[in-house]
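A short write-up of the structure that comes next.
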Amino acid sequence: MLPAGQIRVGTAGWSYKDWDGILYPPEVTRKKIHPVEYLARFFDVIEINTSFYGHIRPEIGRLWCRKAKGVNPNFVFTAKLHRSFTHSPLAVMEPTSAASIRPNDKDERLAREGLESLAAENMLGALLIQFPVSFKNTGLNREYLEQLLRQFIEYPRVVEVRHESWNKPETLDHFLRHNVGFCNIDQPLLGRSLAPTEHVTSGLGYVRLHGRNYEHWFESGLEGGSGTDSRNDRYNYLYKPAELEKWKEKIEIISQKAQSTFVIANNHYQAKAPVNALELRHLLEGKKVRAPETLVRHYTELKPISEVEDASGNYSLLA
């Protein structure tokens, strides 16, 4: 159990080629330092997003735990549930609903094996069950979601829904009765997309910041996921200070109701997510934060709020 009211801020994923040279120094790029080991110096949480595309191999999950724990004993992961449970196999072409989602027994076994590799080390902070905006609040979908939540009841569960039809008192009451967290998101408000909220329906508060790239949001292939190529454009957004200030206020309200709160920046293009995550940490903590030298050189707006650290863990003064 995490300390009451604790707020952890981090990034969605770590394996992005365009982070090399912007966030990651040569020691990471050349694999002398594992990316998880490097990020755990600066953040207390990373959301695993590769588990959405492929199940976590247990030996790899245990490796991640060792690397992170070796530099930060306060570190935990959150992990996205595999897309077979939350998205239609043809999500690019058809809406997702309970009628189109088709997980099988092998998916459940592999998903559970990967999650257990983290949970056994007491390093699984939450299981994120993320649905796309086409997954609407219908009777059939509610039945499917309830079954899915029972299926993974042994884990601390958080549900991300992106359609506004879920933002109803009865949904929140249901989550509250079943000790399921509600994921508060920031996304472009297009059509009936869910607007920013500050709901807490379990001991976990959860926030995900996707960016506000209206122009490219629906040019990204698999709905609800994140990846490469044109999908990078979706997450090419750097939050402005005023936007982060508003989320700081919401996060503080959430943390007052939750035992622990996770804040995840998913605007990963060109390492914008760690920039905004560090800025949020500074706003929430009211003091300078440790920051990678490579990132501060690329995003000089971090310099006034940072204690700059090089790849060897030494503090440096940037001119």
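Odds and ends about this structure:
- Total residues in region 11-47, condition more than 21 Å from residue 60 (Cα to Cα) and either at pLDDT below 95 or of a type in the set (Val, Ile, Thr) (or both): 1
- Residue within region 186-195 that is of a type in the set (Lys, Arg) and within 17 Å of the chain's Cα centre (by Cα) present: no
- Only one entry in 146, 170, 94, 154 is more than 19 Å from the chain's Cα centre (by Cα), in a loop (DSSP other than H, G, I, E, B) and farther than 27 Å from residue 64 by Cβ, namely 94.
- All of 42, 77, 52 fail the test of being surrounded by 16 or more Cβ atoms within 10 Å (Cβ to Cβ) and touching a Phe, Trp or Tyr at 6+ places or on another chain (Cβ under 9 Å), apart from 77.
- Test: residue 204 is under 20 Å from the mean Cα position of the chain (by Cα) and without any contact (Cβ under 8 Å) to a residue 12 or more places away in the chain: no
- Taking the criterion of being modelled with pLDDT of 95 or more, among the polar types (S, T, N, Q) and touching an Asp or Glu at 6+ places or on another chain (Cβ under 8 Å), the only residue of region 267-319 that qualifies is 270.
- Single condition residue 112 does not satisfy, out of (1) more than 17 Å from the chain's Cα centre (by Cα); (2) not in a helix (DSSP H, G or I): (2)
- Condition broken by residue 185, with the remaining ones in (1) in a strand (DSSP E or B); (2) at positive phi satisfied: (2)
- Residues in region 84-116 that are without any contact (Cβ under 8 Å) to a residue 40 or more places away in the chain, among the hydrophobic types (A, V, I, L, M, F, W, C) and either in contact with a helix residue (DSSP H, G or I) (Cβ under 7 Å, 6 or more places away or on another chain) or surrounded by 15 or more Cβ atoms within 10 Å (Cβ to Cβ) (or both): 0 in all.
- Top-ranked residue of region 285-300 - restricted to ones that are surrounded by fewer than 18 Cβ atoms within 10 Å (Cβ to Cβ) and over 14 Å from residue 41 (Cα atoms), ranked as nearest to the chain's Cα centre (by Cα): 285
- For first residues located in region 237-250 and part of a helix (DSSP H, G or I), partners that are of a type in the set (D, E, K, R) and lie 6+ apart or on another chain with Cβ distances below 9 Å form the pairs 241/279; 241/301; 243/186; 243/212; 244/279; 247/186; 249/198; 250/198.
The values are calculated or read from the model by the stated rules, or taken from the named source; none is laboratory data. Remember, predicted model here, so these are calculated numbers, not experimental data. Every residue, glycine as well, gets a Cβ built from its backbone with ideal geometry; the counts of neighbours run over all protein chains shown.
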